[in-house]
Every structure is written in structure tokens, then in C-alpha cells.
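S.K.: There's a structure below that I have some questions on.
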Amino acid sequence: MLPFLFNADGPRLFGFPRFYWLQLAFIVVGVTCTTIVYQMTKRKR
């Protein structure tokens, strides 16, 4: 883990501290990567 990414209150995005919107961004990136890999590796029927 990289604590310097999470241990600050600012900047805020729509009133949310960095910790919350950074976690949501990581979730979106993870879901996007998983979807891309799934689409590229699924077998054609």
C-alpha cells in the first residue's frame, strides 16, 4: 500500500475527501480491466 496516497484530506471532489474518491476510482479501474480481459479471452461459441 502507498499511504501517501490516502493520508490527506484534500483535495476534495464533490465534497468527498481524496480517500473516498480514490477508492471508487480503483474500483472502476478494476472492473474495467476485468471486463476487458473477460471479453478478450472468452471463447467464441
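S.K.: Across bins of 5 angstrom width beginning at 0, how are the C-alpha pair distances of the chain distributed, in whole percent?
M.R.: P(r) over the chain, rounded to whole percents: 5, 20, 18, 17, 12, 10, 8, 6, 4, 2.
S.K.: At 222 nm, what value in deg cm²/dmol follows for the chain if DSSP H runs of at least 4 each add -39500 (n - 2.57) and the sum is divided by all its residues, to the nearest 500?
M.R.: -19000 deg cm²/dmol
Read the figures in this text as sums done on the coordinates, not as results from a lab. Keep in mind it's a predicted model, so treat the numbers as computed, not measured.
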